[in-house]
Amino acid sequence: MAKLTAAKINKLSKELDKKRKIYILEDNDEVNVSIEFKESLVDKVVMDYISVLEKLSTSSSISDDLLRGTAGILHLFILREFSDVPMIPKTNDDIQELVDTSLALYDTGIMEAVIEGFDHEQVQKVYEKLDISSKRAGELLGELAIKQTISTQEEAVTDGV
């Protein structure tokens, strides 16, 4: 049996930093993607996604478009952490910017192409971790939907409908 050393830990950690190139779209644009997803970054993706939902759940007014747009944010965060796709906001401060970027990547086919370029098992890590945390995420999405319905009904009453 070998003794665990700092050198071995560093070697194992560096192996997790390996990337590979994939080519997407008609022009074969090059994108570097992680071969293996670090557990710490998987946790970050899930926590960032849940924090966006929590931020929305405390917001006083949410548009239908913004609510619908949150669906693509999880994939946006996966791309942000595990690829070098440009244009993805580094922070979660502006949820509308996250939604707009997510929609741009989705509509152009970039999001789907890059997600498909990852090893399926690695993407599953994110879904499994989210599933473990999904009770809270589900509660937040439910709260958002109810809040949006109430807001829409209040606007209708205020507008005299």
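Read-outs: derived from the displayed coordinates by stated rules, not from any lab. Computed from a prediction, not measured in an experiment: that's the story for all the values here. Reconstructed Cβ throughout: ideal geometry from the backbone, glycine too, with neighbour counts over all protein chains shown.
For the reader, a short list of remarks on this structure follows.
- A Förster distance of 35 Å, applied to the separation of the beta-carbon atoms of Asp27 and Met1, puts the FRET efficiency at 0.10.
- Rh by Kirkwood over Cα pairs, then Stokes-Einstein D for segment 38-145 at 1.306 mPa s and 10 °C, µm²/s: 113
- Derived scalar couplings between HN and Hα for segment 107-123 equal 5, 8, x, 5, 4, 4, 4, 6, 4, 5, x, 6, 5, 3, 4, 5, 5 Hz in order, rounded to whole Hz, by the Karplus curve 6.51 cos²θ - 1.76 cosθ + 1.60 (θ = phi - 60°), x for Gly and Pro.
- Long pairs among Lys18/Lys55; Lys55/Lys129; Lys90/Lys125; Lys14/Lys55; Lys3/Lys90; Lys19/Lys147, criterion Cα-Cα beyond 31 Å: Lys18/Lys55; Lys14/Lys55; Lys3/Lys90; Lys19/Lys147
- Efficiency of FRET from Cβ geometry, Lys14 and Asp94, R₀ 41 Å, rounded to 0.05: 0.75
- Cβ-Cβ FRET estimate between Ser61 and Asp131, R0 fixed at 22 Å, reported to 0.05: 0.15
- Helical contribution to [θ] at 222 nm, DSSP H n ≥ 4, -39,500 (n - 2.57), averaged over the chain, rounded to 500: -21500 deg cm²/dmol
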